[in-house]
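The values are calculated or read from the model by the stated rules, or taken from the named source; none is laboratory data. Small disclaimer: the values here were computed from a predicted structure and weren't measured. Methodologically, a virtual Cβ is constructed for each residue, glycine included, from the backbone with ideal geometry; neighbour enumeration extends over all protein chains shown. The area values use the complete protein model at the heavy-atom level, side chains included, leaving out ligands, DNA and RNA. Shrake-Rupley method; radii C 1.70, N 1.55, O 1.52, S 1.80 Å.
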Amino acid sequence: MNARGALVVGAGPAGSVTALLLARAGIDVRIVERARFPRRKVCGEYLNSGAVAALARLGVLDAVSAAGSPLRGVRLVASGAPPVTLAFSHPANACARELLDALLLDAALAAGAVLERARVDDLILEGARCCGVRIRTEDGALEDRRAAVVVGADGIGSVVARKLGLTKPLRRGARYAVGGHYAGFGAFDQHVEMYAGGGAYFALNPLSEVSANVMVVVQKQRLTAWSRDVDAGVGGAAAALGRGVRSFEEATRLGPRVSMGPLAHDVRRATARGALLVGDAAGFLDPFTGQGIFLALTGAERAAAAIVAALRDPARERAAFDAYAAWRAEDVKWRRRLCRAVTLLVDVPPLARRAARGLARFPEAGATLIDALAGAIPPQRALRPAVLGRLLA
């Protein structure tokens, strides 16, 4: 690889799609990833309609749909409120990450990207400019890989973001997730199910007719209290949140239990000279609203366009990167506001009851909320007084 191309750190959806689009544009691109694919990764297995539309634009939707399962809506049960069912107005899907990630990486490699299995230990900086990465190869050697642009697509706790000094201090109150793939929960009728209350939630995302991605998400102190028997703690929390509808009583785990967290990451800016962050590395949203894969894919599209512009005319790098950083900051700002509004509506019982009644009386308000979370419309639309007023009428 020459120093005129791009180097992408991380082969998750954000990294692979960025590399795919760069390779299709004729850019010399290398992906550095330490994991071997297919890899098991039990998170981000819900593809909202915005993610589905992005996969269609990339030309990989048929392959992903064949590996996944369609979804028709979400059922939400908040503390002290009646259940609410919200239908998706556009196609949505669920797909195991080990399948999704492998499909996207294969597409990038087929387009001409090169994969190197290695761990990034440091960045190569010349003055204030990032010029490459220092990797530790599979045989333990330290080697340099130079590039005109480095893309940090290495998720929460991004090494690229940290080494560039872009990471913000961790927010207080970050939550942790425990769960995995399970069978034995019975029928889901192609609906995601969310049971929420008291700052915690129990989420079930059907991956097929017999299996589901199941997660219990809680504050750190509750997870710490389960240290002697995590399964008992998770099971008790799920039973309480599931309110007799869902529990782990008849469920069988398929593979290892997975723990993730803290579910928080933010950056001061998504770009630096010679470098750009994409996906979770550029800012992580609460997974309750299911926007992760959508943001990874659409962020990769924007990032790739900025990189192509910068590499074709280096004098345009600053303007192209500034435009990407501004878009990302504005989008994440509004999506975080929408996340906080949704969290408030489901975590505070009086508000949850009013919102349930409002959704029953004004289903169009629920449709606006779902479309905003799915990326079909701007998030600002769901935060208008006309929408929130109907939810709380």
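Hey, can you tell me all the residues within region 86-113 that are crowded, with 17+ Cβ neighbours inside 10 Å and part of a strand (DSSP E or B)?
Within region 86-113, LEU86, PHE88, ALA92, ASN93, ALA94 qualify.
All but one of (1) open to solvent by 10 Å² or more (accessible area, probe 1.4 Å); (2) of a type in the set (Ser, Thr, Tyr); (3) under 14 Å from VAL150 (Cα atoms) hold for THR271; which doesn't?
That leaves (1) as the condition not met.
Mind listing just one residue for me: the one in region 156-170 that is open to solvent by 20 Å² or more (accessible area, probe 1.4 Å) and either among the aliphatic types (A, V, I, L, M) or within 18 Å of the chain's Cα centre (by Cα) (or both) and, of those, nearest to GLY299 (Cα to Cα)?
ILE156
What is the one condition in (1) open to solvent by less than 40 Å² (accessible area, probe 1.4 Å); (2) not in a strand (DSSP E or B) that ALA177 does not satisfy?
(2)
Restricting the first residue to region 255-268 and requiring it to be among the hydroxyl-bearing types (Ser, Thr, Tyr), which pairs with a second residue that is surrounded by fewer than 17 Cβ atoms within 10 Å (Cβ to Cβ) meet a Cβ separation below 8 Å and a spacing of at least six or different chains?
SER259/VAL230
Kindly indicate whether any position in region 208-226 is among the hydroxyl-bearing types (Ser, Thr, Tyr) and closer than 28 Å to PRO350 by Cα.
no
Kindly establish whether ARG134 is touching a residue at least 60 places away in the same chain (Cβ under 8 Å) and either in contact with a Gly (Cβ under 6 Å, 6 or more places away or on another chain) or open to solvent by 40 Å² or more (accessible area, probe 1.4 Å) (or both).
no
Answer yes if at least one residue in region 372-388 is under 12 Å from VAL84 (Cβ atoms), touching a Leu at 6+ places or on another chain (Cβ under 8 Å) and buried (at least 17 other Cβ atoms within 10 Å of the Cβ), and no otherwise.
Within region 372-388 (the criterion being under 12 Å from VAL84 (Cβ atoms), touching a Leu at 6+ places or on another chain (Cβ under 8 Å) and buried (at least 17 other Cβ atoms within 10 Å of the Cβ)), the answer is no, since none of the residues qualifies.
Looking at (1) within 20 Å of the chain's Cα centre (by Cα); (2) at pLDDT below 95, which is the one condition that is false for PRO83?
Of the numbered conditions (1) within 20 Å of the chain's Cα centre (by Cα); (2) at pLDDT below 95, the odd one out for PRO83 is (1).
Given the condition assigned to a loop (DSSP other than H, G, I, E, B), at positive phi and either open to solvent by less than 30 Å² (accessible area, probe 1.4 Å) or aromatic (Phe, Trp, Tyr) (or both), answer yes or no: does some residue in region 356-365 qualify?
No, that holds for no residue.
May I ask you to verify whether THR343 is more than 26 Å from ALA264 (Cβ to Cβ) and hydroxyl-bearing (Ser, Thr, Tyr)?
Judged against the criteria, THR343 is not a match.
Out of curiosity, is VAL230 among the hydrophobic types (A, V, I, L, M, F, W, C), modelled with pLDDT under 90 and more than 20 Å from the chain's Cα centre (by Cα)?
Spelling it out, VAL230 is indeed among the hydrophobic types (A, V, I, L, M, F, W, C), modelled with pLDDT under 90 and more than 20 Å from the chain's Cα centre (by Cα).
Of the numbered conditions (1) of a type outside the set (Ser, Thr, Tyr); (2) free of Cβ contacts under 8 Å to residues at least 60 places away in the same chain; (3) touching a Lys or Arg at 6+ places or on another chain (Cβ under 9 Å), TRP226 satisfies every one except a single condition; which is it?
The one condition TRP226 does not meet is (3).
With respect to the numbered conditions (1) of a type in the set (A, V, I, L, M, F, W, C); (2) crowded, with 18+ Cβ neighbours inside 10 Å; (3) in a helix (DSSP H, G or I); (4) at pLDDT below 95, which one is the sole condition not fulfilled by PHE284?
(3)
Any idea which of (1) surrounded by fewer than 22 Cβ atoms within 10 Å (Cβ to Cβ); (2) farther than 30 Å from VAL210 by Cα; (3) in contact with a Gly (Cβ under 6 Å, 6 or more places away or on another chain) is the one LEU277 doesn't satisfy?
Unmet condition: (1).
Hey, GLY152 hits all of (1) out of contact with any helix residue (DSSP H, G or I) (no Cβ under 6 Å at 6 or more places or on another chain); (2) surrounded by 22 or more Cβ atoms within 10 Å (Cβ to Cβ); (3) not polar (S, T, N, Q) but one; which does it fall short on?
Tallying (1) out of contact with any helix residue (DSSP H, G or I) (no Cβ under 6 Å at 6 or more places or on another chain); (2) surrounded by 22 or more Cβ atoms within 10 Å (Cβ to Cβ); (3) not polar (S, T, N, Q), GLY152 fails exactly one: (1).
Within 17 Å of ASP154 (Cα to Cα), in contact with a strand residue (DSSP E or B) (Cβ under 6 Å, 6 or more places away or on another chain) and of a type outside the set (Gly, Ala, Ser): is that true of LEU295 in this structure?
no
With the structure loaded, tell me whether LEU369 is within 19 Å of PHE288 (Cβ to Cβ), open to solvent by 30 Å² or more (accessible area, probe 1.4 Å) and either over 25 Å from the mean Cα position of the chain (by Cα) or of a type in the set (A, V, I, L, M, F, W, C) (or both) or whether it fails that test.
In short, no.
Just give me the residues in region 194-207 being more than 16 Å from GLY235 (Cα to Cα) and open to solvent by less than 10 Å² (accessible area, probe 1.4 Å), in sequence order.
PRO206
Checking ALA78 against (1) modelled with pLDDT under 95; (2) within 23 Å of ASP154 (Cβ to Cβ): exactly one of these is not met. Which one?
ALA78 satisfies every listed condition except (2).
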